[in-house]
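Report on one structure; see the data block that follows.
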């Protein structure tokens, strides 16, 4: 009976581990700061959040100019959203080449990496999905 009670409480313990902490700009990990300086030199950081959700850790960065970035536990970029065109330097070259060849009148406003694929969002709202090698898979709805 005690085991069942403890198992029933497990989700509450895991959700109670959720913690968002605003980081001072000086405490942003150096790997993330270097990425921002390289790709977004004209967009100062507005806010940095360290988000602990159970066993996951992410860093959410908001930049001036309407850019929102998410980094994983390893401080690797996993998502970028913008209200305007993303810098070409943040888009894997094979994906960028595909967009330039097939959607030359559009530009990329979002990029995301998940466990198996990459997705980009164009300014017209179209979502394109690619595998990890950068090969086009499909238009995602």
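Every number in this text was worked out from the coordinates using simple rules, so none of it is lab data. Predicted, not measured: the structure shown is a model, and the values here were computed from it.
Distances over 11 Å make up what percent of all Cα-Cα pairs in region 78-117?
On the way: 511 of 780 pairs.
Beyond 11 Å sits 66 percent of the P(r) for region 78-117.
From the Cα trace of the chain, what convex hull volume per residue do you get, rounded to a whole Å³?
143 Å³
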task = Specify the angular offset, from 0 to 90 degrees and rounded to the nearest 10, of the alpha carbon long axis of helix 2-15 from the longest principal axis of the alpha carbons in the chain.
result = 40 degrees
ask   = With the Cα gyration tensor of region 54-121 giving a ≥ b ≥ c as the square roots of its eigenvalues, does the rule (a/c under 1.5 for rounded; else a/b larger than b/c for prolate; else oblate) give rounded, prolate or oblate?
value = oblate
message = Could you give the length gained by full extension between residue 27 and residue 62, i.e. 0.36 nm per residue of separation minus their alpha carbon distance, to one decimal place?
response = 11.1 nm
